[in-house]
Amino acid sequence: VVVAVTFDPQAAGDAGAVLPLTTSLASGDTLCAPAPTGVSIDGTGINGPVELAPGTRHSCTRFSDGSVRCWGSNDVGELGLGTITPDAGPSIAVVSAITGTSQLAAGYRHTCAVAASKTYCWGLNATEQLGNAGPSTGTPTVVAGASIMGALVGEDGTTCAFDLGGSTYCWGDYS
């Protein structure tokens with residue numbers, strides 16, 4: 001089960017710390033943490049986290065400035081680095097191919113985001129959960145035919161979203 005959490009930066013306290021909800025810890029540990037583990041977000045001028053998208057073996061956070069940072073496994077491109085690297089290490093990576101992100105979701109080793117009125121997905125594409133028939137990719141790729149989307153949800157090999165008119169769209173496994 002994948003859950004997206006929206007953060008209230010005022011209630012979160014330290015805007016530079018996010019608690020991961022998956023087993024993909026920024027420390028590089030892929031085992032379950034027995035207690036909440038803080039994630040340090042490096043960089044200057046980064047506004048606070050507003051949305052967390054925990055996926056399988058990776059997690060991503062959207063910040064109030066529209067940037068996205070991901071950590072965890074990258075062996076099928078789920079971090080959005082533009083590459084597929086079996087061991088991305090414990091660092092938190094900036095998804096530099098997209099800016100102005102307004103929605104974020106992660107699922108089974110894939111991630112999707114809405115930015116610049118387009119829906120982008122990257123990572124594992126075994127069941128076409130990226131919205132195209134191509135291979136798995138580490139590069140955020142526009143979902144063909146998708147209008148402006150909101151309320152993205154990723155789970156297992158499926159991604160679903162609403163358009164601004166309220167219609168529901170799903171792609172991938174069991175869609």
Using packing as a proxy for protection, rank 126-139, 159-172, 63-76 so that the peptide with the highest average count of other Cβ atoms within 10 Å comes first. 63-76, 126-139, 159-172
Give me a comma-separated list of calculated 3J(HN,Hα) values for region 71-81, in order, Karplus coefficients 6.51, -1.76, 1.60 applied at θ = phi - 60°, integers in Hz, x for any Gly or Pro. 8, x, 6, 9, 6, 10, x, 5, 8, x, 7
Starting from the Cα-Cα distance between Asp173 and Thr83, subtract it from 0.36 nm times their residue separation and give me the gain in nm to one decimal. 30.0 nm
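Laboratory data are not the source of any read-out in this text; all were calculated from the coordinates shown. Here the structure is a predicted model, which is why all the values come from computation and not from measurement. Please note: Cβ atoms are built from the backbone with ideal geometry, for glycine as well, and neighbour counts cover all protein chains shown.
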